[in-house]
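Here is the structure we will look at.
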Ligand code: KIV
Ligand code: ZN
């Protein structure tokens, strides 16, 4: 048994399935690059057959990522598998991940297939996939709630067909650590050819135990791959969180005795990038990446940490990429210094044009805000106006008037397919007036289901980061905008959400 623990990141596939977390092709590539920098072993880039957009995203990632294996999900049928193989053609290392449900409930109610039909379909699919790529992962969906005898038959058969990784999903987050660990152990002990495949765990967080279950799958069950997402992003309560599981294995190497290839110094930047791209804000007390994760508020703790850090710290903040709110650049910083800081933060912009646009935005920001923090730079490069993606709507300028006792009024200029339009409205507050002014022109009819403001670097001098979640015709999208003026940040977030609603993609749900 190898002592290496494979980290399989599915932020761009299972994470993106979270309502509102959908990302554009370029956003996905940016995150994939950050995952490569993190030295993630496998990047699940998407579900190629689910939509043209996902196909192109997987293809683009496969063409650019050279260090990590690039994987596409696919249902257990020839069409999906062929699409996945086609999208992965340019990959240095390609994996097809095919799945079919094996629990009695899913087979009967969802698939309307008999167990024998499912077994046959699983075998045929793995055989078909193995003719296209050498690296094939098989998942029995809802595996943890499946009959163990039937599951043993299916998994033995797919390993015989050439599956190189067997992943056991706890699709609905029902498992508890000891039972899940023993479940994996039983499967590995009972399946005669179990040693021909790498065993993998995939846990959802419905009971808040995804990380604990995954670790038990490794420690008790002997699994050597963990499937996880940055910030634990994912449907419902999310997936196993990469930063937590990785730091658990690294910090408690004495117990797990496993090597992980992850370069943890890029974790915080990855977390910021995913949260700013999706609009899913990280809670302050989240382990490893939350704003308070390394803050010692109580006097006793502060005193202890000042005398000897290890009195209260089990990890060093800088080892996971916290740079203690350093003032990095100012008004007088030049393009080279800016570019170097981007590199230090692990940000690679697509082209020199993007660097120039980002630098121009940085200068504008530095004129308005004397201290520029790393968080500001990360927010800035996530801004749609920096990435050269053609968007339907773009922010130009805004003015608003609010005074005690008066109804606020806003006037906004924005672009619609490159053409400037001007619109105005009053509202309950300046934000409400600004968004109503946009809506008066766009008439999207979308319902706002979430509005939240977050101070990027923690003081009133910082930029406000606004998330707007819109719902329209069954689609849910998040838009994110940042600016020192939160009314402008709100307008940018609203326009960004409208852009995402525009890029309609009828996707097939992975668990559909
Ligand atoms: O949770 C799950 O079952 C999945 C599979 C598609 C692997 O995400
Ligand atoms: Zn899943």
Which number comes out as Rg/Rh for the chain once both Rg and the Kirkwood Rh are worked out on C-alpha atoms?
0.99
Region 335-386 - Rg and Dmax from Cα coordinates, angstrom
9.9, 28
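Please list the equivalent ellipsoid semi-axes of region 1-131, computed as the square roots of five times the alpha-carbon gyration tensor eigenvalues, in descending order and whole angstrom. Intermediate values should be presented prior to the final figure.
Working: eigenvalues 137, 55, 44 Å².
Semi-axes (√(5λ), whole Å): 26, 17, 15.
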Output the relative contact order of the chain, whole-number percent, from Cα pairs under 8 angstrom with separation of 6+ residues.
12
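Given the convex hull over the Cα atoms of region 48-200, what projected area results after averaging over all orientations, in nm²? Let's see the in-between values first.
Details: hull surface 35.8 nm².
Convex hull of Cα atoms, orientation-averaged projection: 8.9 nm².
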Rounded to 5, percent antiparallel among DSSP beta bridges of the chain:
50
The chain - mean residue ellipticity at 222 nm from DSSP helices (-39,500 (n - 2.57) per run, n ≥ 4, rounded to 500)
-11500 deg cm²/dmol
Angle between the Cα long axis of helix 25-37 and the longest principal axis of the chain, 0 to 90 degrees, nearest 10?
70
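Rounded, prolate or oblate: which fits region 388-502 when a ≥ b ≥ c are the square roots of the eigenvalues of the alpha-carbon gyration tensor, with rounded for a/c under 1.5 and prolate only if a/b beats b/c?
On the way: a/c = 1.41, a/b = 1.17, b/c = 1.21.
Rounded, since a/c falls under 1.5.
Quick one: of the DSSP bridges fully inside region 4-278, what percent are antiparallel, nearest 5?
Numbers: 1 of 38 bridges.
Roughly 5 percent of the beta bridges in region 4-278 run antiparallel, per DSSP.
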By per-residue mean of other Cβ atoms within 10 Å, what is the highest-first order of 308-318, 359-369?
359-369, 308-318
Ranked from fewest to most other Cβ atoms within 10 Å of their own Cβ, 409, 97 fall in the order 409, 97
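Only the coordinates and a few stated rules stand behind these numbers; no lab work does. Bear in mind the structure is a predicted one, so any value in this text is a computation, not a measurement. Here Cβ is always computed from backbone atoms with ideal geometry, including for glycine, and neighbour counts include all displayed protein chains.
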